[in-house]
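Beneath this line is the structure, given in structure tokens, with notes to follow.
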Amino acid sequence: MSIRRIAADFPFLATFDAARAGLPGAPIDWLQAARRDGLVRFRDQSLPSRRVESWKYTDLRDLATTDFAAPDGPIGAALRERVAPIGTRNSVRLVIANGRIEPDLSRLTGLPAGVHLMPMSVALDSHTDLLKAHIARVSALDGDGLLALNAAFMMDGYVLVLDDGAQVAPTIEIVFAADGGSGPIALHPRNLIVMGQGSAATVVETHVGDGVYWSNPVSEIVMGQGASLRRYKVQQESAAAFHLAQDRVALASGAHYRGFLGAFGARLARQSVTATINGADAAFDVAGTYLLRDNQHGDITTLVDHAAGGSSSRQVYKGVLDDAARGVFQGKVAVRRDAQKTDAHQLNNALLLSDKAEIDAKPELEIYADDVKCSHGATTGDLDADALFYLQARGIDTATARRLLVSAFVKAALDEIDGEAERARFEVLVDTWLAGTDG
Amino acid sequence: MTVMLEIKDLHAAVNGKEVLKGINLTINAGEVHAVMGPNGSGKSTLSYVLAGRDGYDVTQGSVMYKGADLIALAPEIRAREGIFLAFQYPVEIPGVAGTTFLKTAYNAIRKHRGEKELDAMQFLKLIREKQKQLDMTDEMVRRAVNVGFSGGEKKRYEMLQMAMLEPALAILDETDSGLDIDALKTVADGINALRDPGRAMLMITHYQRLLDYVVPDFVHVLAGGKIVRSGDKSLALDLEKEGYAVLGTAAA
Ligand SMILES: Nc1ncnc2c1ncn2[C@@H]1O[C@H](COP(=O)(O)OP(=O)(O)OP(=O)(O)O)[C@@H](O)[C@H]1O
Ligand SMILES: [Mg+2]
């Protein structure tokens, strides 16, 4: 047995045949084949151990020894109540609860012509060719056991398809709610966004839940020429949850991806993002903040692959770690030989509020072109004692002074958000997090 | 006459190094005291000890403020009790809006005094009034605390804060340094406007110039961590002419 994989029993593998009858697309042969194929790969790969370079700082052993069952039934009333107010009254909203679309909480009408939003289970019928191609692409990726497991057990996620030129102005709200209240469950949402030439959309994804569960979403985003996507993600999983998300983004020329991640929840979370820039003048801009306390572990791992010249990328992350929380930032920018005139910027700043908090930051540049502008930086620090004293000397108590300074630190990430309403939303989330500190 | 501040045989260490070596100083309500002295003599250290900065440890002696032990109080409590330190080097705090900062401070102090907190509108009205007297614009007041201010602007912003917070004991650490002639007058007017029988001031300065505008009741010379000479405003004039050499070896 390889030490690069975690040896575990994974009882859910034994129940695969029973479980897949309840998963989307049970009668579809090609999908069943893809699921079986995923299972075979997972049996071979298992979960990566810390001997795998990219998993050096994030340990999945606790996850591997938790006995997760397939989700069974709806989410509880308390969680429903938390989901209900997300977005505005008139938002187009798709709620996926315990791996299935929740029609009562969803509102899929009101989208302009050329914009199609549906759960994966529906898209398998309505957009079969698109889904077939997507699943084949993802299965062919050089991924890890998490990706294979998602292929085997894939559940409802959202599918958003924009025809050429289709633009949707209002924010599309996607909510993932998981309820592990009656025993640990595993969720493997599969999301797909396909954008035609010159199309545009804004999506906010919110992840919430109760109890012990594992959410393992895989998202593929394919952006056509000149397409523009704003994608904001609120990760507020339960304090006992595992959240391991993978995004794969492909950008054609002139496409512009703007992402923001607010990571507040989960006992263990990893957001991995792989972007491939295939066309000139494309821009991939992501930013985020991770605010962690107690024993939370948060990992952000990115790979931006500049495969075409004249493109740009920007990554700005601000992390705040309190108590014994641990943050990981692994950011890699690759610039291929032909990708001249690439402009890539990457920054991770971490603020440690306690002696026991820890950050492991590994920025990496891999540049094969000679005419490029690339910068990366990672800093770690604690609160500025001079600033703290200045505030105290004006009558502001220590806890409030610390909150002001932490909030100022995080603000630099929020400033990256292009959209006032969305920025305000994250500001509220950050303030809520800060109100939970004891100073 | 009520005693505002009574410092007795104060010894204090910074990072384990003794900097203040037996200071005695009594300041009554209504008085303005000027403290002068060579670089490194301990003036800022004294101001930090009074404001309660971490790492500035009193090793001997006592400081009584309004009749109670000051040293036991946390810095924010001292501020709420009416001590204000205008910093020699005001700190830039990126990301914290000046109005948020000052409103938080203002309301913390009001709350401590059992007064009603001001809402955003009331606060803006008040700050507008005060900022005018100090030649500061809305933009400067809204900006992140001290960020991008010139040296002189920082000093004026300290004075704006003082005008807003209306302290009982103001400690001004070289508030006149780096000011042009007009700004010096503006700042001096701001200080004079706050002179009041119920208020005391401790002004640290290197220059006679400020004392022409804000005439002190007493002038002290701090050298080597001790007050080596006290007098009235004429002492400042003598120093201006002769330099600290007149003090002899004690100042070296
Ligand atoms: N953090 C510190 N660590 C070590 N020594 C310090 C520290 N702060 C001050 N000192 C020392 O204490 C002495 C007094 O410094 P202080 O800043 O009080 O002088 P000052 O009288 O205000 O001088 P200036 O006129 O230049 O402002 C100096 O010798 C200084 O080097
Ligand atoms: Mg000084």
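No value in this document is a laboratory result; all are computed from the given coordinates. All of these numbers come straight from a predicted model, not from anything done at the bench. As a convention, Cβ positions derive from the backbone with ideal geometry for all residues, glycine included, and neighbour counts pool all protein chains shown.
Within segment B:163-210, take every residue that is within 16 Å of ligand 1 (Cβ to nearest atom) and hydroxyl-bearing (Ser, Thr, Tyr) and give me the one that is nearest to the chain's Cα centre (by Cα). Filtering first and then ranking leaves B:Thr175.
Among the residues of segment B:217-238 satisfying the criterion of being touching a Ser or Thr at 6+ places or on another chain (Cβ under 9 Å) and part of a loop (DSSP other than H, G, I, E, B), which is surrounded by the fewest Cβ atoms within 10 Å (Cβ to Cβ)? Only one residue tops the list, namely B:Gly224.
Within segment B:139-151, the presence of at least one residue that is surrounded by 21 or more Cβ atoms within 10 Å (Cβ to Cβ) and polar (S, T, N, Q) is confirmed. Of everything in segment A:401-439 that is in contact (Cβ under 8 Å) with a residue 24 or more places away in the chain and within 9 Å of chain B (Cβ to nearest Cβ), the residue that is surrounded by the fewest Cβ atoms within 10 Å (Cβ to Cβ) is A:Ala412. For segment B:124-135, indicate whether the set of residues that are of a type outside the set (Val, Ile, Thr), within 14 Å of chain A (Cβ to nearest Cβ), closer than 30 Å to B:Met4 by Cβ and surrounded by fewer than 16 Cβ atoms within 10 Å (Cβ to Cβ) is non-empty. Taking every residue of segment B:124-135 in turn, none turns out to be of a type outside the set (Val, Ile, Thr), within 14 Å of chain A (Cβ to nearest Cβ), closer than 30 Å to B:Met4 by Cβ and surrounded by fewer than 16 Cβ atoms within 10 Å (Cβ to Cβ). Screening A:Gly143 on (1) assigned to a helix (DSSP H, G or I); (2) more than 30 Å from A:Ala84 (Cβ to Cβ) shows it passes everything except condition (1).
Scanning segment B:53-77 for residues that are facing another protein chain (nearest Cβ under 8 Å), surrounded by 15 or more Cβ atoms within 10 Å (Cβ to Cβ) and closer than 21 Å to B:Ile204 by Cβ yields B:Arg53, B:Pro75.
Applying the condition of being surrounded by 13 or more Cβ atoms within 10 Å (Cβ to Cβ) and assigned to a loop (DSSP other than H, G, I, E, B) to segment A:357-381 and asking which residue is nearest to the other protein chains (Cβ to nearest Cβ) yields A:Ala357. Answer yes or no as to whether A:Lys332 is surrounded by 17 or more Cβ atoms within 10 Å (Cβ to Cβ), touching a strand residue (DSSP E or B) at 6+ places or on another chain (Cβ under 8 Å) and free of Cβ contacts under 8 Å to residues at least 60 places away in the same chain. Criteria met by A:Lys332. Of the helices (runs of 4 or more DSSP H) lying entirely inside segment A:1-97, those containing at least 2 residues that are in contact with an Asp or Glu (Cβ under 8 Å, 6 or more places away or on another chain) are A:77-83. Would you tally the residues in segment B:15-48 being closer than 25 Å to B:Ala188 by Cα, more than 10 Å from ligand 1 (Cβ to nearest atom) and surrounded by 19 or more Cβ atoms within 10 Å (Cβ to Cβ)? Qualifying residue count for the region: 6.
Number of residues in segment B:171-188 that are outside any loop (DSSP other than H, G, I, E, B), in contact (Cβ under 8 Å) with a residue 40 or more places away in the chain and either exposed (fewer than 15 other Cβ atoms within 10 Å of the Cβ) or within 16 Å of ligand 2 (Cβ to nearest atom) (or both): the value is 3.
Applying the selection to segment A:193-221, what residues are of a type in the set (Val, Ile, Thr) and in contact (Cβ under 8 Å) with a residue 60 or more places away in the chain? Matches in segment A:193-221: A:Val194, A:Thr202, A:Val204, A:Thr206, A:Val208, A:Val212, A:Val218. Output yes when any residue across segment B:29-42 is closer than 27 Å to A:Ile396 by Cα, within 14 Å of chain A (Cβ to nearest Cβ) and either touching a helix residue (DSSP H, G or I) at 6+ places or on another chain (Cβ under 7 Å) or away from ligand 2 (no atom under 13 Å from the Cβ) (or both), and no when none is. Checked against the condition, which is being closer than 27 Å to A:Ile396 by Cα, within 14 Å of chain A (Cβ to nearest Cβ) and either touching a helix residue (DSSP H, G or I) at 6+ places or on another chain (Cβ under 7 Å) or away from ligand 2 (no atom under 13 Å from the Cβ) (or both), segment B:29-42 yields no hits at all. Kindly indicate whether B:Tyr157 is more than 10 Å from chain A (Cβ to nearest Cβ) and closer than 29 Å to A:Val410 by Cβ. Judged against the criteria, B:Tyr157 is a match. Please enumerate the residues belonging to segment B:136-151 that are facing chain A (nearest Cβ under 9 Å) and either closer than 13 Å to B:Leu165 by Cα or among the polar types (S, T, N, Q) (or both). Result: B:Asn146, single match.
The single residue among B:Thr26, B:Thr104 that is among the β-branched types (Val, Ile, Thr), more than 16 Å from ligand 2 (Cβ to nearest atom) and more than 25 Å from B:Leu247 (Cβ to Cβ) turns out to be B:Thr104. Look at B:Ala12 and say whether it is buried (at least 22 other Cβ atoms within 10 Å of the Cβ), closer than 18 Å to B:Met201 by Cβ, within 16 Å of ligand 2 (Cβ to nearest atom) and away from chain A (no Cβ under 14 Å). Considered against the rule, which asks whether it is buried (at least 22 other Cβ atoms within 10 Å of the Cβ), closer than 18 Å to B:Met201 by Cβ, within 16 Å of ligand 2 (Cβ to nearest atom) and away from chain A (no Cβ under 14 Å), B:Ala12 comes out as no.
Here the condition is being within 16 Å of ligand 1 (Cβ to nearest atom), of a type outside the set (S, T, N, Q) and free of Cβ contacts under 8 Å to residues at least 24 places away in the same chain; of B:Asp138, B:Asp54, it holds for B:Asp54 alone. Please pick out the residue among B:Phe101, B:Phe87 that is within 14 Å of chain A (Cβ to nearest Cβ), of a type in the set (Phe, Trp, Tyr) and either touching a residue at least 60 places away in the same chain (Cβ under 8 Å) or within 16 Å of ligand 1 (Cβ to nearest atom) (or both). One residue alone meets the criteria, B:Phe87. Taken as a whole, the condition of being part of a strand (DSSP E or B) and in contact with a Gly (Cβ under 8 Å, 6 or more places away or on another chain) does not apply to A:Arg248. Are any of the residues in segment B:142-150 touching a Pro at 6+ places or on another chain (Cβ under 6 Å), aliphatic (A, V, I, L, M), assigned to a loop (DSSP other than H, G, I, E, B) and more than 26 Å from B:Glu31 (Cβ to Cβ)? Yes, that holds for at least one residue. Scanning segment A:251-267 for residues that are crowded, with 22+ Cβ neighbours inside 10 Å and part of a strand (DSSP E or B) turns up A:Leu251, A:Tyr257, A:Gly259, A:Phe260, A:Leu261, A:Gly262, A:Ala263. On the stretch given as segment A:330-356, residues that are in contact with a His (Cβ under 8 Å, 6 or more places away or on another chain) and in a strand (DSSP E or B) total 8.
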